[in-house]
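Asks: One structure follows; several queries about it will come next.
The values are calculated or read from the model by the stated rules, or taken from the named source; none is laboratory data. What you see is a predicted model, and the numbers here were worked out from it, not measured in a lab. Glycine also receives a Cβ, built like all others from the backbone with ideal geometry; neighbour counts cover every protein chain displayed. When the accessible area is computed, the model is the full protein with side chains, heavy atoms only, and any ligands, DNA or RNA have been set aside. Shrake-Rupley method; radii C 1.70, N 1.55, O 1.52, S 1.80 Å.
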Amino acid sequence: MNGETMTLLSACTKGGTATVVKVNATGALKQRLLSFGLMKGAEVKMLECAPAKSTFEIKIGNVSLALRREEAELIEVSDVR
């Protein structure tokens, strides 16, 4: 993987961007995430993260999406910047 460090989307910080490596969700949740463009190779920008509330707002292309912490922990990312 070219020495890239993988992390979970839930570990990203506000204003940061990352590239999706793998979506570990299954079933209806995986289909919903894919329908929003959250798939391998997609660039994700972290708009807001509220650790106390356990929610994250991300942007994929032109789509803004709110995720629960449990959902964000199913998404592996790399190239975090």
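Asks: Go through region 49-81 and count every residue that is open to solvent by 40 Å² or more (accessible area, probe 1.4 Å), in contact (Cβ under 8 Å) with a residue 60 or more places away in the chain and in a strand (DSSP E or B).
Replies: Residues flagged as open to solvent by 40 Å² or more (accessible area, probe 1.4 Å), in contact (Cβ under 8 Å) with a residue 60 or more places away in the chain and in a strand (DSSP E or B) within region 49-81 amount to 1.
Asks: Does region 33-48 contain any residue that is assigned to a strand (DSSP E or B), open to solvent by 80 Å² or more (accessible area, probe 1.4 Å) and at pLDDT below 95? Lay out the reasoning, then the answer.
Replies: Of the residues in region 33-48, the ones assigned to a strand (DSSP E or B) are 43-48.
Next, from what is left, pick out any that are open to solvent by 80 Å² or more (accessible area, probe 1.4 Å): 43, 45, 48.
Subsequent filtering for residues that are at pLDDT below 95 retains 48.
Yes, because at least one residue in region 33-48 is assigned to a strand (DSSP E or B), open to solvent by 80 Å² or more (accessible area, probe 1.4 Å) and at pLDDT below 95.
Asks: Could you please find all residues in region 15-26 being more than 16 Å from residue 60 (Cβ to Cβ) and touching a Cys at 6+ places or on another chain (Cβ under 8 Å)?
Replies: To start, the set of residues in region 15-26 that are more than 16 Å from residue 60 (Cβ to Cβ) comprises 24, 26.
Scanning region 15-26 gives no hits.
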